[in-house]
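In what follows, a single structure is set out as structure tokens and then discussed.
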Amino acid sequence: MCRLRTSGGQSCGDAWCNATLGCMSDIIIYGLLDPVSQQLRYIGKTSGTTRRRRQAHISDVRRGRTYIPRHKWIAGLLSCGREPEIFEIERVPKSEWAEAEQFWIAYFRFVGCNLLNATDGGDGLCSYQHRSDTRAKQSAAAKARYQRAGEREKTGAAVSAAFESPEARQNLRDGRKKVPRASLQICIDALVAHSRSPEGRALRSAVNTGKVVSEKTREIMSKQRIGLKRSPESVAKQIATMTGRKHSEATKAKMAEAARKRYASL
């Protein structure tokens, strides 16, 4: 048990702290308080001092950033001649900050704090939900961009070039390892649910219809499947899905033509 204090020295109540709180560490998990009500409104992390982080929050708003709840709250305080207070919650090694931030956000929400954090902490991505009007704007902008001639080819070439670089592939692997498993699972579950929905199936069908896979891509896919063994559960699931299914005449013709080509190359 320890007494947490703001940057001005005021007491902000008792809280459980890690034993490393008083030790020299790399990342500080901090909280922002309302100077009047003393309510906790935001939890974040910094590799510097809490004094500098607090000033950075204030500077962001004074430069005109007022598009997220935290900014709007600080802007309201500044308009009344007040500033948020900051206090240190915990010090942790760099490798543990994401888990620590997620824990404290979940803990303080559990005890009733009305936090302004847009996500559950850690990676700051998977749990964030855009407003419906924001999603509509993003969708319209993406559709308009890809209507321009050559835009899809330009994007595809850039992605292909990036994936051909061993350094880029390793950076992606390293970045994925840093994402907390719980947050990664949220993304996986959302993608699986969408892919199995009628809308997801229709979209996948529309994208793949008439698509020609290059020989290079076929070779990569073939190498990835060498030695791959499916689980009995996966096999049983596919059998159950295919049992009683009837192919259309067009599909049968495609399957026959593919089989003829396959056996002709042997």
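The values are calculated or read from the model by the stated rules, or taken from the named source; none is laboratory data. If you're wondering where the values come from, they're calculated on a predicted model, not measured in any experiment. Note that we place each Cβ from the backbone using ideal geometry, even for glycine, and neighbour counts take in every protein chain shown. Accessible surface areas use protein heavy atoms only, side chains included; no ligands, DNA or RNA. Shrake-Rupley method; radii C 1.70, N 1.55, O 1.52, S 1.80 Å.
Over segment 63-122, calculate the relative contact order: mean separation of alpha carbon pairs under 8 Å at least 6 apart, over the residue count, as a percent. Can you show the working numbers first?
On the way: 26 pairs, mean separation 18.3, N = 60.
Once divided by the residue count of segment 63-122, the mean separation gives 31 percent.
What does the C-alpha gyration tensor say about the overall shape of segment 75-222? Classify as rounded when a/c is under 1.5, otherwise prolate if a/b is larger than b/c, or oblate. Walk me through the numbers on the way to the answer.
Numbers: a/c = 2.19, a/b = 1.73, b/c = 1.27.
Note, shape of segment 75-222 comes out prolate.
For the chain, return all DSSP H helices satisfying: extent of Cα atoms along own axis at least 20 Å; mean Kyte-Doolittle hydropathy at least -0.5.
Values: long enough: 132-146 (21 Å, -1.23); 181-196 (22 Å, 0.49); 249-264 (22 Å, -1.06).
The answer, listed by residue number, is 181-196.
Of Gly210, Gly81, Gly121, which has the largest mean-square fluctuation in a 10 Å C-alpha GNM of the chain?
Of the options given, Gly210 has the highest mean-square fluctuation.
Would you please classify the overall shape of segment 201-266 from the alpha carbon gyration tensor, given that a ≥ b ≥ c denote the square roots of the eigenvalues, rounded means a/c under 1.5, and beyond that prolate means a/b larger than b/c while oblate covers the rest?
Rounded shape, in that the Cα axes give a/c under 1.5.
Arranged from highest to lowest average of other beta-carbon atoms within 10 Å per residue, in what order do the peptides 90-103, 211-224 appear?
Working: 90-103: 18.6, 211-224: 9.0.
Per-residue mean Cβ counts within 10 Å order the peptides as 90-103, 211-224.
When the helices in the chain are scored as -39500 (n - 2.57) per DSSP H run of 4 or longer and the sum is shared across all residues, what 222 nm value do you end up with, to the nearest 500 deg cm²/dmol? Present the calculation step by step, with values, prior to reporting the outcome.
On the way: 11 runs with 144 residues, N = 266.
Helices in the chain give a 222 nm mean residue ellipticity of -17000 deg cm²/dmol.
Of the heavy-atom accessible surface of segment 181-240 (probe 1.4 angstrom), what whole percent is carbon and sulfur? List each step's numbers first, then the result.
Working: 3290 of 5300 Å².
The computed percentage sits at 62.
Check cross-link reach from Lys252 to the lysines: straight Cα distance under 18 Å, and skip same-chain residues fewer than eight apart.
Straight-distance partners of Lys252: Lys261.
Suppose we look only past 24 Å in the calculated P(r) of segment 71-161. What percent of the Cα-Cα pairs does that tail hold? Intermediate values should be presented prior to the final figure.
Details: 2141 of 4095 pairs.
Taking all Cα-Cα pairs of segment 71-161, the fraction more than 24 Å apart is 52 percent.
Starting from the Cα gyration tensor of segment 167-209, take the square roots of the eigenvalues, sort them a ≥ b ≥ c, and report rounded, prolate or oblate (rounded when a/c is under 1.5, otherwise prolate if a/b is larger than b/c, else oblate). Working shown, then result.
Working: a/c = 7.03, a/b = 1.70, b/c = 4.13.
Note, shape of segment 167-209 comes out oblate.
Quick check: Cα centre of segment 221-245 to Cα centre of segment 137-210, how many Å?
When both Cα centres are located, 24 Å separates them.
Say the dipole of the chain comes from +1 at the beta carbon of Lys and Arg and -1 at that of Asp and Glu; which of Leu78, Met242, Gln185 then lies farthest toward its positive end?
Farthest towards the positive pole: Met242.
What is the chain's relative contact order, in percent, from Cα pairs under 8 angstrom and six or more apart in sequence? Walk me through the numbers on the way to the answer.
On the way: 231 pairs, mean separation 39.3, N = 266.
Result for the chain is 15 percent.
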